[in-house]
């Protein structure tokens, strides 16, 4: 079959700070090609809707698949599916990805026949079987498929995450992918899954708390094939097992691979496995993201982060000693008042690290979706982007956004704008000399993207597609099995 895979448009945060290559979609594309399909990809983070329709006219795909990893993109995907189906009724239209896996039934309802099925779980296993069933029949019997006429068994985990090297050759305009000064930047996956169970996160519920590792040889071989000088390691938590990180590093050294790396990890993992991070610092690790989430014990307990302020601050000291540039995330609670915002601003300005704020958001697939959904003030998918408040705010909503944007602006000026340009002037000049302008453009975008009025007015837009709250509400944690997409006890099968 001719298959076109589509990534939706950028969300608010990624309008400024980053644009990541669609790694998951590239891996699904590789799996489909291995099954004999002719595949193209189009990333609407870079291209326009007009480009999409031109691509369809040129390629005449028999199937169009949307990668729906971010909940806020759901209305866009639904509308595009309806447009495509109205234009080419014979086209098989499907959706998959992280968020799609948790809202499969309601996507089909909203699609009103325009979305033929939703692929739940890991796309490398589901997509080839799904398209084979489209041709041969029995779509609703495929594991992971939720179709208009029924649902198949639960999805199966990919047995070996080395199985499919991302089809990076299908990604066009790769120079557009970046994250901060890593311009351009590719992405790579060394592990998949997360063993922790943070209340606000759906990574562990998607994978059923499973955790798999790429072989060091395959990881280094893939890294060697990447053309970009900068690489973002997308693992939910990097180097949980130090021996695995060390083994990949030795393979990198053996091959003489020279890259600059950005990764995400937890403070307690950095403290426990300091030696592997020091080793990777010598290999080219420069940037690190740590989701501290809170600066006090009460906040950490609220999010069930299973860490402590002392561990967090020790991790920052370790990162500083290594000479790493660290970005921190804090979760802004809707219950914050002016004084709390002020405390956060003062703390953030007192440390060297880059500090970002996201807003506490109960997502489908998280524990807080069940415990907090009765308090939701909106069911508009578009507001579920961790930049909008979807729970009642202690401050009047407009005032909450005033404090939020004010705090973000203070933190932004600390590292970006004129001051940021001065601090990284040589790097910016080097990038410009090579035609890379993503980072330079980022320095000036904040005031065009973030504003109290924009965020407040987003709540006033008509809602065509409303989310479906979970059946039954409880302040207690639901059984973990009720949250899972993948059953951790099921045998992994390819």
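Just a few scattered comments:
- Any hit, the stretch 246-267, residues being in a loop (DSSP other than H, G, I, E, B) and either crowded, with 22+ Cβ neighbours inside 10 Å or not assigned by TED's automatic domain parsing to the domain that holds residue 292 (or both): yes
- In the stretch 2-22, the residues that are surrounded by fewer than 20 Cβ atoms within 10 Å (Cβ to Cβ) and either within 19 Å of residue 169 (Cβ to Cβ) or in the same structural domain as residue 438 (by TED's automatic domain parsing) (or both): 2, 20
- The stretch 414-494 holds helices (runs of 4 or more DSSP H) entirely within its bounds, and those carrying 1 or more residues that are modelled with pLDDT of 70 or more map to 425-433, 438-442, 446-449, 452-458, 480-483.
Each row is one residue, and each column tells you yes or no for (1) in contact (Cβ under 8 Å) with a residue 60 or more places away in the chain; (2) farther than 29 Å from residue 78 by Cα.
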| site | (1), (2) |
| --- | --- |
| 324 | no, yes |
| 335 | no, yes |
| 354 | yes, yes |
| 371 | yes, no |
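- Qualifying residue in the stretch 96-111 (condition: over 26 Å from the mean Cα position of the chain (by Cα) and free of Cβ contacts under 8 Å to residues at least 40 places away in the same chain): no
- Of the strands (runs of 3 or more DSSP E) lying entirely inside the stretch 162-235, those containing at least 3 residues that are modelled with pLDDT of 95 or more, more than 21 Å from residue 144 (Cβ to Cβ) and in the same structural domain as residue 359 (by TED's automatic domain parsing) are 186-188, 230-233.
- Selected residue (criterion: surrounded by the fewest Cβ atoms within 10 Å (Cβ to Cβ)) from residues of the stretch 122-139 that are touching a helix residue (DSSP H, G or I) at 6+ places or on another chain (Cβ under 6 Å) and under 21 Å from residue 160 (Cβ atoms): 128
- Taking helices (runs of 4 or more DSSP H) as the structural unit, no element lying wholly within the stretch 1-106 holds at least 2 residues that are at pLDDT below 95.
- Taking residues in the stretch 281-295 that are on the phi > 0 side of the Ramachandran plot and buried (at least 19 other Cβ atoms within 10 Å of the Cβ), and partners anywhere that are modelled with pLDDT under 95 and not in a strand (DSSP E or B), the pairs with Cβ atoms closer than 6 Å and at least 6 places apart or on different chains are 293/303; 293/305.
- Filtered residues of the stretch 115-152 (kept if assigned to a loop (DSSP other than H, G, I, E, B) and modelled with pLDDT of 95 or more): 115, 116, 120, 121, 122, 142, 143, 144
- Selection count, the stretch 213-261, where residues are touching a strand residue (DSSP E or B) at 6+ places or on another chain (Cβ under 8 Å), in contact (Cβ under 8 Å) with a residue 60 or more places away in the chain and more than 24 Å from residue 196 (Cα to Cα): 1
The values are calculated or read from the model by the stated rules, or taken from the named source; none is laboratory data. Remember, it's a predicted structure, so these values are computed and weren't measured experimentally. Methodologically, a virtual Cβ is constructed for each residue, glycine included, from the backbone with ideal geometry; neighbour enumeration extends over all protein chains shown.
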